[in-house]
Amino acid sequence: MKWEKEHRAYLEEWGPTRMIPSSFELTGHQTYETYLHALAERESGQEKWVPSSSYFLVNDKEKIVAMVDIRHELNDFLFQVGGHIGYGVRPSERSKGYATRILYEALQKCKELQIKQVLVTCTTDNIRSAKAILKNGGREDHPHIDEDGRETRRFWIYNE
């Protein structure tokens, strides 16, 4: 509950057309507490979601600079498009190394979860994300192209 105001500010900065993992979204929840409850249900693998864990990356000024969602397993959709790790860096905090850092930290959590081959994806136009993935040892695989012709770059990180 401590992070509600800062979480809302993080989302506000992204604007209405944000492209972030759905676990970051507060829409559809009457209160922050109901959001946290729904997130806990996702983490236990209930509903249509795979088990996952979500984290904030917070700077020394108590500002959320990035968020990450770690999926403990992959379904068909995540194997093609979403991957094990989805993250987003606050727009005002980009180009400061936070994408590389939050991905590194997420990979440490994946080790704890014994996920040895980690799939991370990004859109073809997200050059910064691709660089962060490559800096963390990503090896590019074949892209996924959906029925509308949108291409998703797919990278594997061998996390042993």
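The values are calculated or read from the model by the stated rules, or taken from the named source; none is laboratory data. Please read these numbers as outputs of a predicted model, since none were measured by experiment. Ideal geometry is used to build each Cβ from the backbone, glycine not excepted, and the neighbour counts take in all protein chains shown. Just so you know, the surface numbers come from the protein's heavy atoms only, side chains and all, with ligands and any DNA or RNA stripped out. Shrake-Rupley method; radii C 1.70, N 1.55, O 1.52, S 1.80 Å.
Overview of values
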{"read-out": "Residue within the stretch 121-133 that is open to solvent by 90 Å² or more (accessible area, probe 1.4 Å) and in contact (Cβ under 8 Å) with a residue 40 or more places away in the chain present", "value": "no"}
{"read-out": "Odd one out for residue 60, checked against (1) in contact (Cβ under 8 Å) with a residue 12 or more places away in the chain; (2) open to solvent by 60 Å² or more (accessible area, probe 1.4 Å)", "value": "(1)"}
{"read-out": "Filter result for residue 98 (open to solvent by 50 Å² or more (accessible area, probe 1.4 Å), touching a strand residue (DSSP E or B) at 6+ places or on another chain (Cβ under 6 Å) and among the aromatic types (Phe, Trp, Tyr))", "value": "yes"}
{"read-out": "Where a residue in the stretch 138-160 is farther than 15 Å from residue 85 by Cβ and its partner, wherever it lies, is assigned to a loop (DSSP other than H, G, I, E, B) and open to solvent by 40 Å² or more (accessible area, probe 1.4 Å), with Cβ under 9 Å and at least six apart", "value": "143/124; 144/150; 150/124; 151/124; 151/143; 160/116"}
{"read-out": "Of residues in the stretch 46-57 being in a strand (DSSP E or B) and open to solvent by less than 40 Å² (accessible area, probe 1.4 Å), the one nearest to residue 136 (Cα to Cα)", "value": "57"}
{"read-out": "Residues (in contact with a helix residue (DSSP H, G or I) (Cβ under 9 Å, 6 or more places away or on another chain) and either hydroxyl-bearing (Ser, Thr, Tyr) or assigned to a helix (DSSP H, G or I) (or both)) located in the stretch 6-21", "value": "7, 8, 10, 11, 13, 14"}
